[in-house]
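Written below as structure tokens is the structure these notes are about.
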Amino acid sequence: MAFISTFVISMLFSQLVFVCHCNPTCKLGYPIDEIPVYKEDRYYVHFAQNLEFLEAEYFLWSSYGYGLDVTEPCLTKGGPPPIGGQKANLDPFTLNIIKEFANEEIGHLRAIDSIMGSITRPLLNLTSENFEKIFDEAFGYKLEPPFDPYRDSLHYMLSCYIIPYVGMNGYVGMNPNLKGYASKRLVAGLLGTEAQQDAIIRMYLYERANVVVYPYGYTVADFTARISNLRNQLGMCGIKDEGIIVPCELGAENRTETNVISANYYSLAYSRTPPEILRIVYTTGDEHIPGGFYPDGANGKIAREFLKEP
């Protein structure tokens, strides 16, 4: 009798498991009667969209030789085409990475547009001369020959070190200010992908940390340290940026000099505010003075407010 009872129970349990596996719960549960997107949420995400436009255009031009005006013109919302974009001289391995990044950024712009609406694409400066100025400032003197991000794969990936990380900092910084559940879900997804892109770039460079970048006589690790120091200086809010090799006191748990992931004392991602980000991407150290990647300034309510008289 006990055997039969055990058998019946086991059969019932197996049927229950079968039913559970046949009817899995996959849809995310959202708060009932909550607002998906608040007006203020749009301001923050639209600010970040300026960085998404920069990444999309830079990755597209470098890998395909053309940008959003060819691939997804509707996402530009009539904004001006970027200045100076060109196809980079990339090896097949690096080219495949950047093509993937480019298409991911298109997805980001589409997601923002579908959930938040979209800002107009700002004017972007993708010229080699713009990158040249940034690297000159990072080293404190004019590099000879001028740094050209489109020259080869290593030069290009060093230039990429400049961009996604700042966008990731922005998403971390805005997260506590978001109210709507759809806004939070969107930013969590964007942050996750941006962080992965940055990690791939850093790992790519870390594998080449001791390679001397021809013809400058500095290693890849030296370049990352200089760029990170420059961003800290422009941001003006302490250390929120670290190269791929650091002193132990900046490494994880103060035990490593390896720094594939840039993070704070608790190994949490650094955050930056909109003014910090503008000071960096404008390369002026002043959120009120456009320049750098955004000659006419970034778009959206938050960015345009800073362009008014301080």
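Since every read-out is calculated from the coordinates, none of them should be taken as a lab result. What you are looking at is a predicted structure, and each value in this text was computed from that prediction instead of being measured. Note that we place each Cβ from the backbone using ideal geometry, even for glycine, and neighbour counts take in every protein chain shown.
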Just how far, in whole angstrom, is the stretch 187-262 from the stretch 65-90 if you go by their alpha carbon centroids? 28
How would you classify the stretch 160-302 from its alpha-carbon gyration tensor, with a ≥ b ≥ c the square roots of the eigenvalues: rounded for a/c under 1.5, else prolate if a/b is greater than b/c, otherwise oblate? oblate
Just tell me which lysines come within less than 24 Å, Cα to Cα, of K308; anything on the same chain fewer than 8 places away is out. K39, K77
What's the angle, to the nearest 10 degrees (0 to 90), between helix 2-22's Cα axis and the longest principal axis of the chain? 40
Charge dipole (the chain, unit charges on Cβ, about Cα centre) - positive-most of L124, V281, T71: T71
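Which value, in debye to the nearest 20, gives the size of the charge dipole of the chain about its Cα centre, when Lys and Arg are +1 and Asp and Glu are -1 at the Cβ?
680
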Just G107, G85, G217 to compare: in a GNM of the chain, with alpha carbon springs under 10 Å, which one fluctuates most? G217
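Relative contact order, percent, of the stretch 153-310 when contacts are C-alpha pairs under 8 Å separated by at least 6 residues? It would help to have the intermediate numbers written out before the result.
Values: 221 pairs, mean separation 29.4, N = 158.
Contact order relative to length: 19 percent.
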Could you tell me which of N229, S183, C160 has its Cα farthest along the dipole of the stretch 152-289 towards the positive end, charges placed at Cβ (Lys, Arg +1; Asp, Glu -1), taken about the Cα centre? S183
For the chain, fraction of C-alpha pairs farther apart than 34 Å, in %: 27
Of P164, P145, P122, which is the most mobile in a GNM of the chain whose springs link Cα atoms less than 10 angstrom apart? P145
Using a Gaussian network model on the chain with a 10 Å cutoff between Cα atoms, which of I83, I289, I162 fluctuates the most? I83
Against the longest alpha carbon principal axis of the chain, how many degrees, from 0 to 90 and to the nearest 10, is the axis of helix 181-206 turned? 60
Can you work out D for the stretch 42-148 in µm² s⁻¹ from Stokes-Einstein, where Rh is the Kirkwood radius over C-alpha pairs, the temperature is 20 °C and the viscosity is 1.002 mPa s? 146
Computed over the chain: longest principal axis from alpha-carbon atoms vs helix 220-235 long axis, angle to nearest 10 degrees, is 90
